[in-house]
Number of protein chains: 2
Amino acid sequence: MKNAIQELRKQRRMTQEELADLCSVTRQTIISLENGRYNPSILLAHKIAKIFGLTIEQIFFFEEE
Amino acid sequence: MKNAIQELRKQRRMTQEELADLCSVTRQTIISLENGRYNPSILLAHKIAKIFGLTIEQIFFFEEE
DNA sequence: ATTCAATGTCAAGGGTACTTTACGCGGTGC
DNA sequence: GCACCGCGTAAAGTACCCTTGACATTGAAT
């Protein structure tokens with residue numbers, strides 16, 4: 001599952017740490033998400049979507065399975 | 001986190017087992033989701049949304065935190 | 001009365017999301 | 001040269017999603 005987190009974060013001139021603080025997770029978690037190491041929980045996905053003012057579907061890309 | 005799974009499933013006259021099969025998960029997983037025992041992964045949330053033809057946000061209700 | 005479908009509970013186990021801590025590395029600025 | 005910022009890696013631990021399997025309950029149909 002890919003996502004647009006890094007792109008959206010940079011558009012908003014945010015560091016990984018700032019985004020992590022807004023989400024109440026660690027910087028490691030943001031790094032791992034941006035680098036596609038794992039999928040977020042639905043709660044974290046929702047927090048991120050809320051921060052960016054978008055829906056989950058607009059940020060996370062579920063390829064055909 | 002609450003959700004509308006049971007309501008949507010019943011509207012469509014589906015059993016828990018049928019929905020579980022469509023999602024490729026076990027019946028236990030559907031029971032636990034419907035009864036609010038835990039939150040789905042984002043992948044499962046997406047599968048369910050796709051089956052019902054809705055978005056994740058239309059099915060899962062993230063209360064203010 | 002018995003059977004069967006649909007729903008539910010309980011417990012144990014594996015995989016993974018997320019944390020914490022520590023360290024490396026390139027770029028920029030003094 | 002040195003300090004610092006932003007980004008990255010690695011390893012170990014905790015919590016939780018999801019599975020498997022076995023069994024209980026309720027309601028409808030025969």
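Only the coordinates and a few stated rules stand behind these numbers; no lab work does. As the structure is a prediction and not an experimental result, all values here were calculated from the model. Note that we place each Cβ from the backbone using ideal geometry, even for glycine, and neighbour counts take in every protein chain shown.
Distances between copies of A:GLU57, taken at a point 7 Å out from Cα along the Cα→Cβ vector and listed shortest first: 1.0 nm.
For a protection proxy built on the mean count of beta-carbon atoms within 10 angstrom, sort A:37-44, B:42-49 highest first, please.
B:42-49, A:37-44
For the residue pairs A:LYS10/A:LYS50; A:LYS2/B:LYS2; A:LYS10/B:LYS47, alpha carbon separations beyond 21 Å are given by A:LYS2/B:LYS2; A:LYS10/B:LYS47.
Could you grab the relative contact order for chain B? Cα pairs under 8 Å, six or more apart, rounded to a whole percent. Don't jump to the answer; show the numbers that get you there.
On the way: 50 pairs, mean separation 28.2, N = 65.
The normalised contact order for chain B reaches 43 percent.
Each other copy holds its own label point for A:SER24; taking that point as 7 Å from Cα along Cα to Cβ, the gaps run 3.3 nm, nearest first. B:LYS2 sits among other residues whose Cβ lies under 11 Å from its own Cβ, and their net charge, with Lys and Arg +1 and Asp and Glu -1, is -3. For chain A versus the range B:33-51, the spacing of their alpha-carbon centroids is 19 Å. Classify the range B:2-58 as rounded, prolate or oblate, taking a ≥ b ≥ c as the square roots of the eigenvalues of its Cα gyration tensor: rounded when a/c is under 1.5, otherwise prolate if a/b is larger than b/c and oblate if not. The shape class here is rounded. The label point for A:GLN28 and the one for A:THR15, both projected 7 Å from the Cα toward the Cβ, are 1.9 nm apart. Provide a whole-number value for the mean count of partner chain Cβ atoms within 10 Å of the Cβ atoms in peptide A:37-48. Mean number of neighbouring Cβ atoms from other chains: 4. What separates the A:LYS10 label point from its copies, with the point 7 Å along Cα to Cβ, is 4.9 nm, written shortest first.
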